[in-house]
1. Can you pull the semi-axes for segment 297-339, root of five times each eigenvalue of the Cα gyration tensor, sorted largest first, whole Å?
2. Would any residue of segment 53-82 have its amide N under 11 Å from a label point 7 Å out along Cα→Cβ of residue 218? List them or say none.
3. Can you give me the angle between helix 127-157 and the longest principal axis of the chain, using Cα atoms only, in degrees from 0 to 90, rounded to the nearest 10?
4. So what is the diffusion coefficient of segment 100-218 in µm² per second by Stokes-Einstein at 25 °C and 0.890 mPa s, using a Kirkwood Rh over Cα pairs?
5. Separation of segment 165-194 and segment 288-341 by C-alpha centroid, Å?
6. Mind jotting down the distance between the C-alpha centroids of segment 224-279 and segment 61-100, whole Å?
7. Using just the helices of the chain, give the 222 nm mean residue ellipticity in deg cm²/dmol: DSSP H runs with n ≥ 4 each add -39,500 (n - 2.57), and the total is spread over all residues, rounded to 500.
8. Can you give the FRET efficiency to the nearest 0.05 for residue 277 and residue 322, using r as the Cβ-Cβ distance and R₀ = 30 Å?
């Protein structure tokens, strides 16, 4: 108890100077802290590989689609395929009722048979008959000529009269006319003659008509023009379809394309041949390579975007028509570029970007000229050198203010 009283007595006699000493010590520490400035965090400007990408979403598309329809009007009898099915070239997609077409084809084929029979009859039967008729007419002509000559001798000798001579000459003239008629018939039945040409023409006409009917009958079957996947079906059994109506839509097999929309502000960054890494939203863990092959020269007035098409460089079994895809388009690359984090740059989107640069223990506002932006990093084209210390935090500083680097 006596010791405690002694302590309190010492404090009462010496407490004032002690408090003043502590106060002075605090004031000196605060003044020194103020004079040295706030603590700051810095980051050195460094060289690194920069890769600038544009991220966009789009869809899977084939370079073209095929709309298929019937070429004739008819009733649908069979639809052996379904939407989404993979078909091969020549597969039947739609079959129309063809009873009338089959009947017309049989009639046309029968007409061909009849025309060919008429030609054979002309060449195998009629031609030999007219040849025989010509020989008979020539023989009759010879007999009539000889009879007229005998009659002429008898008339000159006075054995027959003028009437008998005239009758003999008439028989000769008739026989001569019959020879001429027979010769014309022979000529007509020979190759190149009138009747032969008509018969050949009739055969050709019947065959052409039959080919037309057969072709029209083939129109009852709508076939796949190429292999691919059916992505649209607009027909059912029993439908009456008109010529030209779209019944099926085919996505032909082959190279897939990605169609994406890019903001027109980024148009200056785009170029043909640029590489990209894409993935379907349904399979995000399966990225694949693509390449820019088309940049639409027009801008969509409503969305302010430009359409870009990319070829898929390697076949992807998982891709399907109209799938949604995400694309990282590599628009620029710079190896070992001078760079710093974009968050350390003030007014980065303005006309005069700047940074807080640490110089001899002071924060100095320093202008910079920027280049490529790659994710969180930005290229420094001018204003800084490799190793310069840029103040990252805090940012509420005064130009020329003394600062301390945080250990």
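Bear in mind these aren't lab numbers, they're just calculated from the coordinates by the rules spelled out. Since the structure is predicted, the reported quantities are computational estimates derived from the model, not experimental observations. All Cβ positions, even for glycine, are placed from backbone atoms using ideal geometry, and neighbour counts span all protein chains on display.
1. Taking √(5λ) for each Cα gyration eigenvalue gives 26, 22, 9 Å.
2. Inside the label zone: nothing.
3. Taking the Cα atoms of the chain, the angle to 127-157 is about 30 degrees.
4. 139 µm²/s
5. 90 Å
6. For segment 61-100 versus segment 224-279, the Cα centre distance is 18 Å.
7. Calculated mean residue ellipticity at 222 nm is -12500 deg cm²/dmol.
8. Given R0 = 30 Å and the Cβ-Cβ separation, E is 0.90.
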